[in-house]
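Enquirer: Take a look at this one; I'll ask things after.
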Amino acid sequence: MADENDRTPEDEFRDMIRDILSGKEGVDASQLAAAAGLPNDPASLANIMRQFQAAMNASTSGEGINWNMSMEQAKSLALSTVKPVTAIQRAEIDQAFHVANLWLAEATSISELSSTPALISRLEWIEQTMPLWTQLAEPVANSISAALTSVLTDQAPEEMKGMIAGASQLMKQIGGTLFAMQLGQVVGQLSTEVVSGGDVGIPLLDEGHAALLPQNMDEFGAGLDIPMDQVHLYLAVRELAHARLFRHARWLRLNLISAIQDFARGISIDLSRVEDIAGNFDPQNPDELKEALSSGALIPPKSEEQLAALGRLETQLALIEGWVDVVTGAATTRLPRASALAETVRRRRASGGPAESAFATLVGLELRPRRLREATSLWQQVTDAVGADARDDLWSHPDMMPTAEDLDNPAALIAKLEATARGEVAEQDDMDRALADLLDGNIPPVDESEQD
């Protein structure tokens, strides 16, 4: 019998895979937790193992990843710190929402929401936003899962190739489960950082819904030396402005989410890096796999096409955030410490939080737009030149939206808007004239001789 000290990492790897495939009890949960970049504390290891084995024991006939793992992991992380919304908080913030709506009516022509803004806990934020997080992460998770399946099959010892080849879907579940657990860690941490539904820029909540997290708002305001009622009011104005915009521009949410998903689907996986990890994988020391997943090392540099797509996406995110900044500034002129709160929000947004950084490395997408300063300046110049109504009309259709070129040179856009305000009609190109003729019914007769 071989000496236990002579066992190699390949022996350990083979035994762990065999134990998982056979459903053996007692598989070391700390190995899986460490590989997924999760805390290795005894209180959560039993829950992690239960979730993982449930995923492994699930039917392998279907495709996809068990994203319930993400939900459970996120809730487990947030549960230890969550505080319920108190009656006093609810009364104070409900009043803030009421005043915020009155102030926004003077700052924008976009109408108020039809639904009542909500006050939610960290757990409720996780439940309401996880469906979108998984949509954004799924393309990358599937790519990593498929890459692990392919490479592990190639790297496995000869006597196990048949077993692994016959369980390819299960191998995908293993990779997908590790990714889902790490996404849950990111979302759980984010639930302790965000103050509202629109705080990260993208529309995490359903169209037309606004929500604030009182526990996180209080932590945001702690140490600012600003009365908490002003903090509540400022954040309520920002959240309502963000939600109003997405309810008004009904095309915007789908347009934005589709752009993010298209970007994510274009991400490839560095197979050479996966091969290196699989070839040297030591279950007793999974730091390399943990580091690769959490650092984004499996995602190679972006292609030119991806950089172009990212530029378009960042422009759109910047325009959304810039508009919210300008409208919030106009609506909070009566608030004594509004400028200080605006500066706090700007600094917080520029630096981001640990969970945001983790999501960026996990999915390859930064949520904070780089051109926010230019977008805010553009919206303010447009407001000063043609007024809030004309500014808000630009959200009526995606073709009317400012472009990256407009961010570089707002003067041309402003000149066009001013000409429209004066009743002047810009010179039409051939496409515009053809479309106008078609809409007016002025369709030229078809020359039958040209059809022969």
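The values are calculated or read from the model by the stated rules, or taken from the named source; none is laboratory data. Nothing here was measured: the structure is a model prediction, and the numbers come from that model. Note: ideal-geometry Cβ built from the backbone for every residue, glycine included; neighbour counts use all protein chains shown.
Enquirer: Among LEU224, LEU233, which is the only one that is closer than 29 Å to ARG90 by Cα, more than 17 Å from the chain's Cα centre (by Cα) and modelled with pLDDT of 95 or more?
Expert: The unique qualifying residue is LEU233.
Enquirer: Tell me which of these GLU356 doesn't satisfy, since it passes every other one: (1) of a type outside the set (Phe, Trp, Tyr); (2) part of a helix (DSSP H, G or I); (3) modelled with pLDDT of 90 or more; (4) surrounded by 18 or more Cβ atoms within 10 Å (Cβ to Cβ).
Expert: Just one mismatch for GLU356, condition (3).
Enquirer: Any chance you could count how many residues in region 329-353 are part of a loop (DSSP other than H, G, I, E, B) and more than 30 Å from MET181 (Cβ to Cβ)?
Expert: Residues in region 329-353 being part of a loop (DSSP other than H, G, I, E, B) and more than 30 Å from MET181 (Cβ to Cβ): 6 in total.
Enquirer: Which condition does VAL140 not pass, out of (1) buried (at least 16 other Cβ atoms within 10 Å of the Cβ); (2) of a type in the set (Val, Ile, Thr); (3) under 23 Å from LEU240 (Cβ atoms), if it passes all the others?
Expert: That leaves (3) as the condition not met.
Enquirer: Kindly provide the set of residues from region 210-225 that are assigned to a loop (DSSP other than H, G, I, E, B) and crowded, with 21+ Cβ neighbours inside 10 Å, ordered by number.
Expert: Hits for region 210-225 are ALA210, LEU213.
Enquirer: Kindly evaluate GLY387 against the criterion of being surrounded by fewer than 21 Cβ atoms within 10 Å (Cβ to Cβ) and within 16 Å of the chain's Cα centre (by Cα).
Expert: Criteria not met by GLY387.
Enquirer: Right, something else. With the structure loaded, tell me whether GLN53 is in a helix (DSSP H, G or I) and either modelled with pLDDT of 95 or more or not assigned by TED's automatic domain parsing to the domain that holds ASP218 (or both) or whether it fails that test.
Expert: So GLN53 does not fit the description; no.
Enquirer: Quick check on this structure: which one of ASP406, ASP384, ASP399, ASP392 is modelled with pLDDT of 90 or more, among the charged types (D, E, K, R), in a helix (DSSP H, G or I) and touching a Ser or Thr at 6+ places or on another chain (Cβ under 8 Å)?
Expert: Going through ASP406, ASP384, ASP399, ASP392 in turn, just one is modelled with pLDDT of 90 or more, among the charged types (D, E, K, R), in a helix (DSSP H, G or I) and touching a Ser or Thr at 6+ places or on another chain (Cβ under 8 Å): ASP392.
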